[in-house]
Amino acid sequence: MDDDSAERTGYRRSAGSPRGEARRRELLARVTDDLAVNGLVDFSLRRAARAAGTTHKVLLYHFAGAEDLLAQAVFALRDRRIGNALAAMADGAKQRTLAGRVRVAWQTLRDEEPGLRRVLDQAVGLTMYDPERYADLGRGSTRQYLDLLVSFCPQSWPEQRKREVAELVLATLRGFVVHRLTSDDPGGADAGFAALERALEREEAAGD
C-alpha cells in the first residue's frame, strides 16, 4: 500500500456535498465487496480503482489515501459481520440471556462466509505486523465489537461491569479465532467456548 495520499500529491478533495457523499458511498461499497472476495494481499489504490470502475485520482478526490480507504472498507466489513450476528438473533427464538447472545455471535462468526472471515483476520494481522501504521484497523475493531457486546449484557448491570464482561468476551473470542487458524484440532475452540458459556451463565446468575 504505497499509493500517495491526496495531501502528498496535491489532488483536490471532495467538499462533502450530498452528491459527492453518495458517490463516495458507491465507490466504498464496490471496494468493500472486492476486499470480501480478494482479501488484503496486494491491496493498493490502483487495485481499488479497478474494482470500483474508476481511477485512482477519483478515489483520491473522495478518500485521503489508500490507508483511509482501507480503514473505511474494513469498518464496513465488520459492520457486515455484526449485522449478520444481529440478524441471526432475530431470526430464531429470542436470546434472552447473555450466554445465549454470545453463543449466537460465536456461531455466526464460526460459520460466516470464508471471504469475510479471511479479510478481517488479515486486517488484524496487518495491525500486529505494523501497529503504528495500521493502528486504526485494530482500534476500530475493538470499538465496534465492544459496543455490540456491551449491548448483550443485562440492562440492570452497572456500566463498568458491562464493560468488564464485554472486554473478557471480546478477548476470548479473538483467542478462539486465532486458535481455529493455528490448531490441528477443529473442535478445540468450540470446547473452549463451552467453558466461556458456563462462566457467563455464572456471571449472570450472580445478579447485579
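Okay, here's what the table says:
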quantity	calculated
Per-pair calculated FRET efficiency, R0 = 45 Å: Asp111 and Ser44 via Cβ, rounded to 0.05	0.90
Projected label distance in nm at Glu132 and Leu146, using a 7 Å step from Cα toward the beta-carbon	2.4
Stokes-Einstein D (µm²/s) once Rh is taken as the Kirkwood radius of the range 115-171 over alpha-carbon pairs, at 20 °C in 1.002 mPa s	172
Separation in nanometres of the label points that stand 7 Å from Cα toward Cβ, at Ala171 and Ala22	4.7
Trypsin sites (Lys or Arg not before Pro) restricted to DSSP loop in the range 78-180 with at most 15 other C-beta within 10 Å	Lys94, Arg96, Arg133
Computed Kirkwood radius, in angstrom, where 1/r is averaged over Cα pairs of the range 101-208	15.0
Label-point separation in nm, Arg198 to Ala64, each point 7 Å along Cα→Cβ	4.7
Per residue accessible area in Å² of the chain, where ligands, DNA and RNA are left out and the probe is 1.4 Å	55
Tilt relative to the chain, helix 135-152 - C-alpha long axis, 0 to 90 degrees, to 10	40
For the chain, calculated [θ]222 nm from helices alone, where every DSSP H run of n ≥ 4 adds -39500 (n - 2.57)	-24500 deg cm²/dmol
Alpha-carbon radius of gyration plus Dmax, which is the widest Cα pair, for the range 68-118 in Å	12.4, 39
For the range 15-90, size of Cβ-based charge dipole, Lys and Arg +1, Asp and Glu -1, in debye	180
Angstrom value of the Kirkwood radius, inverse mean 1/r, which spans all Cα pairs in the range 23-63	9.9
Nearest-ten-degree value, helix 18-38 long axis tilted from longest Cα axis of the chain	70
The chain: angle of helix 188-205 to the longest principal axis, Cα-based, in degrees nearest 10	60
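The values are calculated or read from the model by the stated rules, or taken from the named source; none is laboratory data. What you see is a predicted model; the values in this text were computed from it and never measured. Reconstructed Cβ throughout: ideal geometry from the backbone, glycine too, with neighbour counts over all protein chains shown. Please note that ligands, DNA and RNA were not included when accessible areas were found on the heavy atoms of the full protein model with its side chains. Shrake-Rupley method; radii C 1.70, N 1.55, O 1.52, S 1.80 Å.
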